[in-house]
1. So is VAL79 of a type in the set (Val, Ile, Thr), in a loop (DSSP other than H, G, I, E, B) and in contact with a strand residue (DSSP E or B) (Cβ under 8 Å, 6 or more places away or on another chain) or not?
2. Can you tell which of ASP72, ASP43 is modelled with pLDDT of 95 or more, farther than 19 Å from PRO105 by Cβ and either over 13 Å from the mean Cα position of the chain (by Cα) or part of a strand (DSSP E or B) (or both)?
3. Applying the selection to segment 46-61, what residues are more than 25 Å from GLU116 (Cβ to Cβ) and either of a type in the set (A, V, I, L, M, F, W, C) or free of Cβ contacts under 8 Å to residues at least 24 places away in the same chain (or both)?
Amino acid sequence: MNANGQKRRVLVIEDEALVAMLIEDMIHDSGDEMVGSACRLSDALVLAQETQADVALLDINLGGALAYPVADVLRQRGVPIVFTTGYGSAGLSERFQDCPILDKPFDQHSLEKAIETVLSSNACSSDRAA
């Protein structure tokens, strides 16, 4: 929930069903709203183009496919991105180095802090290459 007490709309792109469910629980426990979830690259691209979200949590690796096309769409739409990964920052493309990374496994406090950070800093929310 933001400082004004409003629910933040969170888009979740995660290929592991149990992890996605855990993230959904954390989002709801934080007072926020999950506005969409996808586990495959094709579905994630559709959601990235059509969903109105305040922030997106994006797993870098979706069943062996890198999620950078999804990140490109989100960035073009001005949606801030928090990457989630079990691989650390070494697996992050150079063009997304300004985006925060949430290392798996993470807890609710870390998730809330990452969302607050990306929303307050405007990091990773615009296409700087354009």
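1. The answer is yes for VAL79.
2. ASP43
3. VAL46, GLU50
The values are calculated or read from the model by the stated rules, or taken from the named source; none is laboratory data. In this text, all values refer to a predicted model and were calculated from it rather than measured experimentally. Glycine also receives a Cβ, built like all others from the backbone with ideal geometry; neighbour counts cover every protein chain displayed.
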